Amino acid sequence: MNIRLMREEDLFQVTSLHDVLFKQSFNFEDYVQEKMFHYGIVIEIDHQIVGYLVGQIIFEMSDLYYVAVHPDYRSKGYGRLLVEQFIQDACKNEGDTMSLEVRMSNHTAIRLYEKCGFISVGTRARYYADGEDALLMTRNFR
């Protein structure tokens, strides 16, 4: 298993995994291509990308946009490894706070974020295209 920065040649595998996991109304490949230059990491096993995280680190504030693990590799701690790596990298850049939005119905992700030290601070009504609300979570580092 290898956690490393996302590279442009990873886009096909990352986009294919994303399409299996999420229903989006926008071009995720273009989105990742733009955002990966802010922050993108992957978990690779036997030259196969099985998980990824896309976020942004800007001065003291970081945002987690996507974290995903292939269904065959879930419940092995890979999602937590990705989030913890992002937190470490944000702290190295003297980050103070990290935030994210997560679907209210995504209890698995909410538990993961709570285990990583995030707390719920509010909701965003009808945040997603299908009208579902988002839970806003943050983690302070200092």
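General remarks:
- For segment 103-123, a tally of residues being among the aromatic types (F, W, Y) and outside any loop (DSSP other than H, G, I, E, B) returns 1.
- Number of positions in segment 34-59 that are exposed (fewer than 14 other Cβ atoms within 10 Å of the Cβ) and either under 10 Å from the mean Cα position of the chain (by Cα) or not in a strand (DSSP E or B) (or both): 5
- Restricting segment 108-129 to residues that are open to solvent by less than 50 Å² (accessible area, probe 1.4 Å) and of a type in the set (A, V, I, L, M, F, W, C), the residue that is nearest to R142 (Cα to Cα): F118
- The residues of segment 5-22 that are surrounded by 11 or more Cβ atoms within 10 Å (Cβ to Cβ), hydrophobic (A, V, I, L, M, F, W, C) and in contact with a strand residue (DSSP E or B) (Cβ under 9 Å, 6 or more places away or on another chain), listed by number, are L5, M6, V14, L17, L21.
- Pair list, Cβ under 9 Å, 6 or more apart: segment 112-131 residue at pLDDT below 95, other residue of a type in the set (S, T, Y): A129/S25
- Q56 vs. criteria modelled with pLDDT under 95 and closer than 15 Å to R139 by Cα: yes
- Test: S105 is surrounded by fewer than 17 Cβ atoms within 10 Å (Cβ to Cβ) and over 16 Å from the mean Cα position of the chain (by Cα): yes
- Of the residues making up segment 77-102, those that are open to solvent by less than 40 Å² (accessible area, probe 1.4 Å) and not in a helix (DSSP H, G or I) number 7.
The values are calculated or read from the model by the stated rules, or taken from the named source; none is laboratory data. Fair warning: this is a prediction, and the values are worked out from it, not measured in the lab. As a convention, Cβ positions derive from the backbone with ideal geometry for all residues, glycine included, and neighbour counts pool all protein chains shown. Areas reflect the complete protein model, heavy atoms only, side chains present, ligands, DNA and RNA absent. Shrake-Rupley method; radii C 1.70, N 1.55, O 1.52, S 1.80 Å.
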